[in-house]
Structure formats: structure tokens, C-alpha cells
1. At 1.4 Å probe size, with every protein chain present, just tell me what the per residue accessible area of the stretch 51-123 comes to in Å².
2. Counting only protein heavy atoms and a 1.4 Å probe, tell me what percentage of the stretch 184-296's accessible area is made up of carbon and sulfur.
3. Taking the Cα centre of the stretch 149-218 as origin, work out the dipole magnitude from +1 charges on Lys and Arg Cβ and -1 charges on Asp and Glu Cβ, in debye rounded to 20.
4. Assuming 0.36 nm per residue, please report the length gained on full extension of the stretch Ala246 to Lys102 beyond their Cα-Cα distance.
5. Got a sec? What order do Met118, Met52 fall in by accessible area at 1.4 Å, biggest, i.e. largest, first?
6. Enumerate the aspartates and glutamates that Lys169 could reach by cross-link, defined here as Cα to Cα under 14 Å, with residues fewer than 8 away along the same chain left out.
7. Using a 1.4 Å probe and counting only protein heavy atoms, arrange Tyr180, Tyr261, Tyr253 so the residue with the most accessible area comes first.
8. In the full protein assembly as shown, how much of Trp273 is accessible to a 1.4 Å probe, in Å² to the nearest 10?
Amino acid sequence: MRDESRLAHRGARRKRAVAAVVALVLAGLAVVTGCDKQRPAADRPRPRPAPMWDTSPRSIAAVGDSITRGFDACGVLIDCPQVSWVTGTDPKVRSLAQRLLKRPERGSWNLARSRARMADLPGQVDAAVRKRPELVTVMAGANDACRPSTAQMTPVGAFRESFAQALRKLRRALPKTQVYVASVPDLKRLWSEGRRNELGKQVWRLGICASMLSDPDAVDQAATDRRQRVYDRVVAYNAALKEVCAQDRLCRYDGGQVFAYRFTGAQLSPWDWFHPSVDGQRRLAELAFRRITAKS
């Protein structure tokens with residue numbers, strides 16, 4: 001009987017010891033959990049703040065095509081960068097550089113090239129990176145639609161990838177540089193305005209934007225369908241620009257303002273009635289300035 005009593009007593013002690021250990025473990029877990037819940041806010045990881053858009057950049061590099069080079073704005077079939085909407089020096093235009101920079105002659109670079117297509121943009125961005133600008137302007141895509149035939153227009157997927165590649169290059173090298181992206185102009189609108197001018201139509205026959213401008217007086221179904229295909233492709237290009245730009249916090253698309261702008265004869269080159277005139281360049285500068293300096 002004594003042996004049985006001792007065994008029972010030992011068993012009870014073991015149970016009490018196990019219960020005590022379990023209680024300590026649970027209490028420790030409660031303390032750890034409680035401490036985690038009460039962790040000071042200052043010690044918790046904070047989300048990285050979104051980069052702020054600077055409405056007063058101190059330097060600008062322009063990439064793109066003949067529009068940014070001022071092509072046909074002051075002479076026949078020649079570049080006229082002095083009236084460029086981005087970097088021009090002509091007071092009639094009041095370019096972005098003149099509107100934004102204290103010393104535009106030291107902080108602006110025109111790296112655009114006439115005849116350039118979107119596939120050329122990554123190379124132009126490489127040149128821009130070497131200048132280390134605080135703002136890069138992009139206007140490209142018209143030449144991707146302006147081809148000898150509609151079959152030769154740049155596919156939308158290739159267009160999108162070239163733009164995305166250019167933006168990735170810029171962002172890797174210059175993570176804080178801002179980007180303003182102008183939409184591709186409505187080429188059909190330019191045709192409808194320019195076809196009223198006989199001299200302009202003579203210049204068009206030299207091969208300017210044949211996919212849209214060839215046989216400018218033709219209004220048969222084939223010609224109408226051809227122009228509509230060019231129009232639809234430009235709409236798709238602009239959708240791609242908007243989509244890619246939206247994925248970058250320091251990229252601002254113009255919201256389709258250039259595409260929607262109703263250019264008239266006053267804003268078209270007096271030599272080719274297709275590219276922007278000096279006044280057209282001024283209008284482009286105004287649109288860009290309003291978008292770049294907007295608070296959001």
C-alpha cells in the first residue's frame with residue numbers, strides 16, 4: 001500500500017510539473033505576441049513614398065522625330081530646331097526651355113532626328129542619359145504610321161516594346177528624371193486640312209506620309225479605308241504610350257491632347273501643309289507646359 005501511495009504521489013507531482021512548464025510556455029508566447037502587437041509605429045517598416053513630380057525641372061532633353069526638330073517650319077524640307085516646341089530659341093514659339101529654364105541655352109538638348117521611328121527611341125535615350133536631364137520629352141510615332149503603304153506601318157506590339165525599352169533604359173540610368181510623353185498627332189486631321197492647299201499637295205507627292213497623303217483628293221472607298229487604317233493605327237499607338245507611361249511614376253502622358261488638337265492652316269507648315277508651322281510649334285509648347293506644370 002505504501003508503494004502504491006508513493007507512486008500516486010510521484011505521478012501527481014509530475015503532472016503538476018508538466019502543467020507548470022506548459023503554463024510558462026504559454027505565458028512566454030503571450031508576452032512575445034503582445035510585444036509584437038504593441039511594437040512602436042516608428043519601428044514598423046514604412047511604405048516608400050511615391051516620388052514627387054517637380055513642376056520646375058532645371059534641364060530638358062528632347063527625343064523624337066521631325067516635329068521636335070522643327071522640320072519645314074522655316075524652310076522647304078529642312079530642320080529648323082530654333083523653333084522647336086521643346087528647345088527652340090525663337091521668341092514667337094516660347095519653347096518649353098524658354099518657359100521653364102532660367103538659362104535654356106545651358107540646360108536643353110535637342111536629340112530628336114527627322115525620320116526617326118519609335119525603334120530609334122532607345123538609342124536617343126542613350127544620348128539623353130549622357131546629358132543627365134531632369135526632364136525628357138518624347139514625341140514619336142508619326143513616322144511609324146507614315147509609311148509607303150499601310151502594310152509597312154509598325155505593328156502595335158513592336159511600337160509598345162520599343163517605347164517600353166526606352167523608358168526602362170532611362171529609368172535604370174536616371175531614376176529621378178521625369179518624362180513627358182506627347183501623343184501622336186491625328187494624321188487624318190492633318191490630311192483634311194492640308195488637302196485644301198494646292199502647293200502642299202504638290203509637296204506631298206514627294207513622298208511625305210504616303211500611307212495617309214497619297215492621292216489626297218481621292219475619296220473612293222479604297223482611299224477612305226486606307227486613311228482609316230492609318231487613323232486606327234495612330235489611336236492604337238497612343239493607347240500603347242498611355243499604358244506604358246502609366247506604369248512609371250515619373251512619366252506623364254499628355255492625355256491625348258496633341259492628338260485631339262484641331263490644327264488649322266495657321267498651325268501647319270506653309271511649305272508642306274503637314275508639319276507644324278511656327279505657330280503650331282507654339283501650340284505644342286503650350287500644351288506641354290500646362291501638363292508639365294500641373295500639380296497632378
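1. Spelled out: the 1.4 Å probe surface of the stretch 51-123, per residue, equals 47 Å².
2. Values: 2670 of 5140 Å².
Exposed carbon and sulfur together represent 52 percent of the surface.
3. Dipole about the Cα centre, nearest 20: 540 debye.
4. 48.9 nm
5. Result of the area sort, largest leading: Met52, Met118.
6. Correct list for Lys169: Asp120, Asp126, Glu161, Asp248.
7. Listed by decreasing accessible area, they come as Tyr261, Tyr253, Tyr180.
8. Result for Trp273: roughly 50 Å² accessible.
The values are calculated or read from the model by the stated rules, or taken from the named source; none is laboratory data. Source: prediction; values computed, not measured. For neighbour counting, all protein chains shown are included, and Cβ atoms are generated from backbone atoms with ideal geometry for every residue, glycine included. Accessible surface areas use protein heavy atoms only, side chains included; no ligands, DNA or RNA. Shrake-Rupley method; radii C 1.70, N 1.55, O 1.52, S 1.80 Å.
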